[in-house]
Amino acid sequence: MSKITVQHYKTAYAYGVRDAKTGGLTGWRTGSLQAAHEMGMEGISINWDKIVIGERYGDLPETGRSFNYADNTAEFGVSLSNIKGEKEIGSSMWFSDRKKVEVRGILLPVTGSDGEPLILPLDIDQYDF
């Protein structure tokens, strides 16, 4: 199995842009690639060069994207408690009983439901390419 790269995300995003114009229905088994596709469909611009190290409490979700239980929807990426070296968001206190881990990924221009930074994680397993 290969690890996900920026190029994989760019490809999924490009399919999303195309599907928005043509009514296509491309689907992805890797949740974070599906998120990139959805952002392409919605016209959300991503700076592919904005790669950061972030911190979060708990391991990465197996799907490659966090879930908002209050709204019963998937986030566009993985939630972080903070970008490394920056202040944590307030809702992090609810998860501080979990192990804090570092995650590398593409910082998204959108935030999670609690205002937390979101990333498309790099170097995770992917099931599509």
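The values are calculated or read from the model by the stated rules, or taken from the named source; none is laboratory data. Computed from a predicted structure; not experimentally measured. Virtual Cβ from ideal backbone geometry, glycine too; neighbours counted across all protein chains shown.
Points to keep in mind about this one:
- Considering (1) modelled with pLDDT of 95 or more; (2) hydrophobic (A, V, I, L, M, F, W, C); (3) assigned to a helix (DSSP H, G or I), the lone condition that TRP94 does not fulfil carries the number (1).
- Qualifying residue in region 78-97 (condition: within 16 Å of TYR9 (Cβ to Cβ) and either among the charged types (D, E, K, R) or under 11 Å from the mean Cα position of the chain (by Cα) (or both)): yes
- One residue from ASP49, ASP125, ASP97 being loosely packed, with under 14 Cβ neighbours inside 10 Å, farther than 14 Å from THR5 by Cα and not hydroxyl-bearing (Ser, Thr, Tyr): ASP97
- Residues considered: GLY64, GLY115. Of these, the only one that is assigned to a loop (DSSP other than H, G, I, E, B), in contact with a Gly (Cβ under 6 Å, 6 or more places away or on another chain) and either under 17 Å from VAL6 (Cα atoms) or outside the structural domain of LYS10 (by TED's automatic domain parsing) (or both) is GLY64.
- Taken over region 16-46, the criterion of being part of a helix (DSSP H, G or I), of a type outside the set (A, V, I, L, M, F, W, C) and surrounded by fewer than 16 Cβ atoms within 10 Å (Cβ to Cβ) is satisfied by ARG18, LYS21, THR22, GLU42.
- Qualifying residue in region 70-77 (condition: touching a Pro at 6+ places or on another chain (Cβ under 9 Å) and touching a residue at least 60 places away in the same chain (Cβ under 8 Å)): no
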